[in-house]
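Data first, discussion second: the structure below is written as structure tokens.
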Amino acid sequence: MPLQISLASFVKATMSCRALLDNPIFYNIIIIDNNTIIDIINRGKMENYINLVLHPIRMRIIMAAAGRELTAQQLSEALGDVPPATLYRHINRLTKAGVLEVVTERHVRGTLEKVYTLSHQGAFLNVQEFAAISREDHLRYFTAFIATVLDDFSRYVNNAKPFDVIADGVGYQKFPLELSDEEFITVAKGINAAITPYSNNPPAPGRKRHLFTTVVMPDVDSNAAHDTESKPDKELK
């Protein structure tokens, strides 16, 4: 079976956990690109921030701006199905929150045009902060995250011309890997090593933007059954 792994091209934005090359036991949330990891100072800000970015339209703005410098007009062209007034409102919210920043301003036909990109002032969410998120909040954030993935896929299916999943390299799989902790770290490092060299590629002729999305978790039911089977009979009596 081919190993198809998705990492947020976010977006590379998305709620994702990954092992970093320098520190394999390390979790990040909302990873945009190698140079843009969102600043979350305390749990209250973290919750507000996650609620801010896990909105279908704002997530699309973030993904469109990842690795690029775009005007509001260019963002409007990239998100052509979003009414301009709605788009500008979401751009303003992301800018006020520090997710987007204005890299330059220029006068065009008597108006001031701003050029936006993702902010580079952030820090990371460490393993303690990630672990502090409650079960209920994890479910809520994950549901919102999956909704953005569904929105991305629906727009691809409905709007791709031509619609050719083979040529576009589209795929979605769910499969188990039996891994020790050490093997899991090795796999995570390998994925990072494969993706990282291309994560900051600028747009160029011949390149298309692809969305990679990763969800990794233990198989709780299978692991529980395995633990039961491995116990001596006397412990089960």
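None of the figures in this text is laboratory data; all of them are computed from the coordinates on show. The structure presented is a predicted model; accordingly, all values stated were derived computationally and were not measured. When we count neighbours, we look across all protein chains shown, and the Cβ atoms used for this are built from the backbone with ideal geometry, even at glycine.
Details
- The distance between label points at Glu77 and Ile185 comes to 4.8 nm (points 7 Å beyond Cα on the Cα→Cβ vector).
- Exposure proxy order (Cβ contacts within 10 Å, fewest to most) of Ile61, Ile195, Ile185: Ile185, Ile195, Ile61
- Highest average packing first - 76-83, 187-194, Cβ atoms within 10 Å: 187-194, 76-83
- Cα gyration tensor category, rounded, prolate or oblate, for segment 68-117 with a/c compared to 1.5: oblate
- Contour minus Cα-Cα distance for Arg209 and Arg155 (0.36 nm per residue): 18.0 nm
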